[in-house]
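This report concerns only the one structure given below.
The values are calculated or read from the model by the stated rules, or taken from the named source; none is laboratory data. Keep in mind the model is a prediction, meaning the values are calculated, not measured. All Cβ positions, glycine included, derive from the backbone under ideal geometry; neighbour counts span all protein chains shown. Note: areas computed on protein heavy atoms with side chains; ligands, DNA, RNA excluded. Shrake-Rupley method; radii C 1.70, N 1.55, O 1.52, S 1.80 Å.
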Amino acid sequence: EVQLVESGGGSVQTGGSLRLSCTGSGFTFDDYAIAWFRQAPGKAREGVSCIHYSDHNPYYTNSVKGRFTISSDDAKNTVYLQMNNLEVEDTAVYYCAADLTCRLYKFSNSFGKNLKSRTGMDTWGKGTLVTVSS
């Protein structure tokens with residue numbers, strides 16, 4: 001079975017930190033892009049960050065630059081999202097997914113489709129909840 005599993009969410013006050021993990025099974029990350037997304041209540045899903053395993057070139061949405069850091073551990077087939085100086089606006093369910101490149105991560109409805117077309121894999125996880133309170 002091919003799947004991604006998110007973990008590390010929780011409740012924290014503003015200014016706090018959390019480290020999310022995205023671990024894959026059934027395939028290796030080294031040829032693919034892994035992206036983090038989030039969806040707050042009543043809002044559309046948005047891309048947060050993305051990293052491609054071939055060059056480890058990271059992308060971030062503007063609202064998290066300087067606060068969030070994406071990284072990878074190839075040996076553990078895991079991508080992390082270190083979140084510092086959390087704000088109330090960061091409250092959301094956080095998801096990870098895989099695709100061939102990071103190009104479409106800003107378009108959440110499209111990310112993953114290239115991988116699915118090539119391999120048939122659907123990699124969206126079930127998400128992990130992050131709650132930030134003031």
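Laid out as a table, the results:
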read-out: Residues within the stretch 1-29 that are of a type in the set (Val, Ile, Thr) and not in a strand (DSSP E or B), tallied; value: 3
read-out: Search result, residues across the stretch 79-122 that are part of a strand (DSSP E or B), under 11 Å from the mean Cα position of the chain (by Cα) and crowded, with 17+ Cβ neighbours inside 10 Å; value: Val79, Tyr80, Leu81, Val93, Tyr94, Tyr95, Cys96, Ala97, Ala98
read-out: Single condition Thr14 does not satisfy, out of (1) closer than 23 Å to Thr131 by Cβ; (2) surrounded by 15 or more Cβ atoms within 10 Å (Cβ to Cβ); (3) in contact with a helix residue (DSSP H, G or I) (Cβ under 7 Å, 6 or more places away or on another chain); value: (2)
read-out: Residue match in the stretch 19-41 (condition: charged (D, E, K, R) and within 15 Å of Leu129 (Cβ to Cβ)); value: yes
read-out: Answer residue from the stretch 44-56, given it is open to solvent by 60 Å² or more (accessible area, probe 1.4 Å) and touching a residue at least 40 places away in the same chain (Cβ under 8 Å) and is farthest from the chain's Cα centre (by Cα) among those; value: Ala44
read-out: Residues that are surrounded by fewer than 15 Cβ atoms within 10 Å (Cβ to Cβ) and hydroxyl-bearing (Ser, Thr, Tyr), drawn from the stretch 17-43; value: Ser17, Ser25, Thr28
read-out: Residue list for the stretch 123-134, restricted to those being open to solvent by 60 Å² or more (accessible area, probe 1.4 Å) and part of a loop (DSSP other than H, G, I, E, B); value: Trp124, Lys126, Ser134
read-out: The stretch 44-74: number of residues that are part of a helix (DSSP H, G or I) and among the β-branched types (Val, Ile, Thr); value: 1
read-out: Pick from the stretch 99-134, criterion of a type in the set (A, V, I, L, M) and modelled with pLDDT under 95, ranking: nearest to Ser25 (Cα to Cα); value: Met121
